[in-house]
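First up is the structure itself, then whatever we jot down about it.
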Amino acid sequence: MNAIRTGRLRWWIIGLVTLGTILNYLARSTLSVAAPTLKTEFAMTTEQYSWVVLAFQASYTVMQTVAGTVLDALGTRLGFFLFAIGWALSNMAHAFATGWASLAFFRTLLGATEAAAIPAGAKTVATWFPPRERSLATSLFQMGTSVGNMIAPPLVAFCILAWNWEAAFVVTGVLSLVWAGLWWFGYRDPAEHPRLSQRERDLIEAGRAEVSPPSRRPSATCCAAVRSGRSRHRVSCPNRRGRRSIFSSRSIWSRRGISISRRSRSGPGCPFSRPISAVWPQGCCPAG
């Protein structure tokens, strides 16, 4: 509790997301482990099984964008909760399959509801972490995809051997239901979370304010002035291959405070005594 109050709540939040990702991939991997048993049970051919797999992949692909839109509309807490309930119930419904067609139908439902896991994780990272920590936070919840695939074979095999193939889908679905409850009671946005310390809230808010300075486009006045000048002087700068790049400048530059020396000792082969960003007037750049 003390650790949470001293500024580590965001890492508990991403840990919760990681657990959800693990269970998400555990549920989807249940079929691949139980496939030999199901193919015998339903007398499925390889072609029929391929349709079952395709049903999941197609609905998952289509629902990726839809799931992100729903999460934006409902919010991360409610949206992810509903999708988690959906994939848990869809996974448990596999136990009622009577053939490859019904199995493909339940896989379609599972793919449609599981599509929200990665968008929800990305949205949580963007909400809870400053930019300098987002790569680490993203890698943590993405790690759950591999962990879920790793624990599926032993867990599903145990359920099949101890009970039956139906139990494998029920057990993995129940685990997701439990996680959905943890998510609903444990997650809030930073502005609403009662356990978030002021120090950590300030850190998150400061991270949101960190934006890169916008690139400045050449102002019309400056470029027009450059184009209107009559006199030119040429500056050459050798590159690494020995060729010489020619830069043209106009006399108007000197009137705007830009100094270009023909020789410089500040850098090898460079005619500018200072970096171009240091001498160029704010809001103006050379016409290309």
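Miscellaneous remarks
- Rg in Å to one decimal, and Dmax rounded to a whole Å, for the range 102-207 via C-alpha atoms: 17.8, 53
- Shape call, the range 63-164: gyration tensor on alpha carbons, a/c limit 1.5: oblate
- Sorted ascending by nearby beta carbons within 10 Å, beginning with the fewest, 31, 136, 82 become 136, 82, 31.
- Take each peptide in 165-178, 14-27, count the other Cβ atoms within 10 Å of every residue, and average; sorted highest first, the result is 14-27, 165-178.
- Here the extension length gained between residue 185 and residue 61 equals 41.7 nm, from 0.36 nm per residue of separation less the Cα-Cα distance.
Just so you know, all these numbers are worked out from the coordinates, no wet-lab data involved. Every value quoted in this text rests on a predicted model; they were computed, and no experiment measured them. Because the Cβ atoms are built from the backbone with ideal geometry, glycine has one as well, and the counts that use them run over all protein chains shown.
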